[in-house]
Amino acid sequence: MQNYSGDDLSSQSPPPSPSLAQAVQAFADGAMAVEDFQDVFIASKVYCPRGDNPGFLALHESQEPVIPLFSSLRELHRYAGKDSRWFTVTGAEVLDLLPEGYGMVLDLEGRHRVVFNAQTVEQMITYTMLRMYG
């Protein structure tokens, strides 16, 4: 029988995953790999502004339409105001529901805005499908 000290690796819990807001900041700063960001994104709650009709609101002022998404309610309020209507989905659900040909922008009014064009979103979808279904 072997005795283990309190330093036994099996008893240590893994470090906590960063929040989506932390991941957006780290990714925007170049301190997080795209795969690590995507792992956080697909598992995180994403805040979405809500319009009169069901579905995502799209911004069409850019070269291709983008969907504004937010890492926190605070970021959404910074963009749309405190009385705005909103809903939440996971990042994985965003990738599943996002219309083809649309990009997305995270934390549009934040210091660490991240924009993904439609081609990058397609790559994220492929990566997510491989992670989830092998």
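Derivation of every value follows stated rules applied to the coordinates shown; laboratory data play no part. Quick caveat, the model's predicted, so the values are computed rather than measured. Because the Cβ atoms are built from the backbone with ideal geometry, glycine has one as well, and the counts that use them run over all protein chains shown.
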Which is within 21 Å of GLY101 (Cα to Cα) and more than 16 Å from the chain's Cα centre (by Cα), of SER62, SER84?
-> SER62
Just need a number here: residues in the range 93-128 that are surrounded by 19 or more Cβ atoms within 10 Å (Cβ to Cβ) and of a type in the set (Gly, Ala, Ser).
-> 2
Filtering strands (runs of 3 or more DSSP E) wholly in the range 29-134 for at least 3 residues that are touching a residue at least 60 places away in the same chain (Cβ under 8 Å), under 23 Å from PRO16 (Cα atoms) and not hydroxyl-bearing (Ser, Thr, Tyr) gives none
